[in-house]
Amino acid sequence: MPGLTGLEVAAEIQALAPNTIVILHTGRGDRLPSGGALPPGVDYVLAKPAKLAEIRQILTRFFGPDACAPSKQGP
């Protein structure tokens, strides 16, 4: 994302595809708005480092129980 912040990318995604779920994975949570409000265009903020269990929980929340299921496709 040269030249853009994650928040700017989220805003662009929402402008181009408003129904797209945006999960912001950041190591700079201190730069986000305080008070627990999500930035515009962001559905969830995941702080780095993230534990695998938390990633699975978020993917399941937004994409359903099969989001983390093993693929049934062959190699």
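The values are calculated or read from the model by the stated rules, or taken from the named source; none is laboratory data. Just so it is clear, the model here is predicted, and its values are computed rather than measured. Ideal geometry is used to build each Cβ from the backbone, glycine not excepted, and the neighbour counts take in all protein chains shown.
Listing for the model above:
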| item | result |
| --- | --- |
| Residue in segment 21-43 that is at pLDDT 80 or above and in contact with a Ser or Thr (Cβ under 7 Å, 6 or more places away or on another chain) present | no |
| Members of segment 44-75 that are among the small types (Gly, Ala, Ser), assigned to a loop (DSSP other than H, G, I, E, B) and modelled with pLDDT of 85 or more | Ala50, Gly64 |
